[in-house]
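Below: one structure in structure tokens.
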Amino acid sequence: MKIAFVGRIIDGTGKAPFDGIILIDGEKIEKVGLAEEVTIPPKTKIVKVNSGTILPGLIDCHVHLMGERTLDFMKSAFEPLELKSVRAAKLKSI
């Protein structure tokens, strides 16, 4: 399924933000450009980003696979590493 994001874009090249379109096919960015440069194919889902800014290709490179969602430091400090490893392995879908 193709999706077109329409709105203000920062393309990461150093150019000033511009109003344009990002065309995505599946999990791949197919085209990024000004609205007049990008043709949206028929049956493409259009998502208008009216009040935000789009930064295509941004990847979250900071993940704590063994982090716990607790503020209980003592529990976290004394929990066995094996248990933490099992929890991290269950997160394989990240």
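Tell me, which residue of region 64-94 that is of a type in the set (D, E, K, R) and assigned to a helix (DSSP H, G or I) is modelled with the highest pLDDT?
The extreme case among them is 82.
Residue-by-condition table, conditions (1) closer than 30 Å to residue 84 by Cβ; (2) in contact with a helix residue (DSSP H, G or I) (Cβ under 8 Å, 6 or more places away or on another chain); (3) surrounded by 10 or more Cβ atoms within 10 Å (Cβ to Cβ):
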| residue | (1), (2), (3) |
| --- | --- |
| 1 | no, no, no |
| 11 | no, no, yes |
| 39 | no, no, yes |
| 44 | no, no, yes |
| 50 | no, no, no |
| 53 | no, no, yes |
| 58 | yes, no, no |
| 62 | yes, no, no |
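Is one or more of the residues making up region 34-53 within 30 Å of residue 89 (Cβ to Cβ) and either assigned by TED's automatic domain parsing to the domain that holds residue 89 or modelled with pLDDT under 95 (or both)?
Scanning region 34-53 turns up no residue that is within 30 Å of residue 89 (Cβ to Cβ) and either assigned by TED's automatic domain parsing to the domain that holds residue 89 or modelled with pLDDT under 95 (or both).
The values are calculated or read from the model by the stated rules, or taken from the named source; none is laboratory data. These numbers come from a predicted model, not from an experiment. Note that we place each Cβ from the backbone using ideal geometry, even for glycine, and neighbour counts take in every protein chain shown.
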